[in-house]
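Written below as structure tokens is the structure these notes are about.
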């Protein structure tokens, strides 16, 4: 094989590896389910099942909520949080659901494990603290 053929083959392998890494990275992010709109029946079923559950009470006008959303999405994309069921409650539009989980304010994150609440945070935009909260449910 000529030197040009070797360089071409090496380039193809590197390109293939780069493409595979990009696709796998995108696929793992896509596999993480974003928080679903809250449904009382789905929430109750998830809590009764005993697995880790996250509820995010947010409002579209809330700057802290907007800061929390990408942090939560990034954490939920991690394999260790892959079993977590996540729900989003609109603070303004879903008052009955807000009352159901006992929230008082938007930007509230609540985690459940083994059928009970194990942690709650209000107004926290720090990635490390949100991560610590989610870990309580594992």
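The values are calculated or read from the model by the stated rules, or taken from the named source; none is laboratory data. Just so you know, these numbers come straight off a predicted model, no measurement behind them. FYI the Cβ positions are ideal-geometry reconstructions off the backbone, even for glycines, and counts take in every protein chain you see.
What the table below lists for this structure:
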read-out: Test: residue in region 13-21 that is over 13 Å from the mean Cα position of the chain (by Cα), modelled with pLDDT of 50 or more and either in a helix (DSSP H, G or I) or outside the structural domain of residue 105 (by TED's automatic domain parsing) (or both); value: yes
read-out: Conditions (1) surrounded by 12 or more Cβ atoms within 10 Å (Cβ to Cβ); (2) touching a residue at least 40 places away in the same chain (Cβ under 8 Å); (3) within 18 Å of residue 127 (Cα to Cα); number of the one not met by residue 39; value: (3)
read-out: Which numbered condition residue 41 misses (of (1) modelled with pLDDT of 95 or more; (2) not in a loop (DSSP other than H, G, I, E, B)); value: (1)
read-out: Condition check for residue 68: modelled with pLDDT of 85 or more, part of a loop (DSSP other than H, G, I, E, B) and assigned by TED's automatic domain parsing to the domain that holds residue 122; value: no
read-out: Residue count, region 94-117 (criterion: closer than 16 Å to residue 44 by Cα and either under 17 Å from the mean Cα position of the chain (by Cα) or assigned to a helix (DSSP H, G or I) (or both)); value: 9
read-out: Residue 75 vs. criteria under 13 Å from the mean Cα position of the chain (by Cα), without any contact (Cβ under 8 Å) to a residue 60 or more places away in the chain and either over 14 Å from residue 38 (Cα atoms) or surrounded by fewer than 19 Cβ atoms within 10 Å (Cβ to Cβ) (or both); value: yes
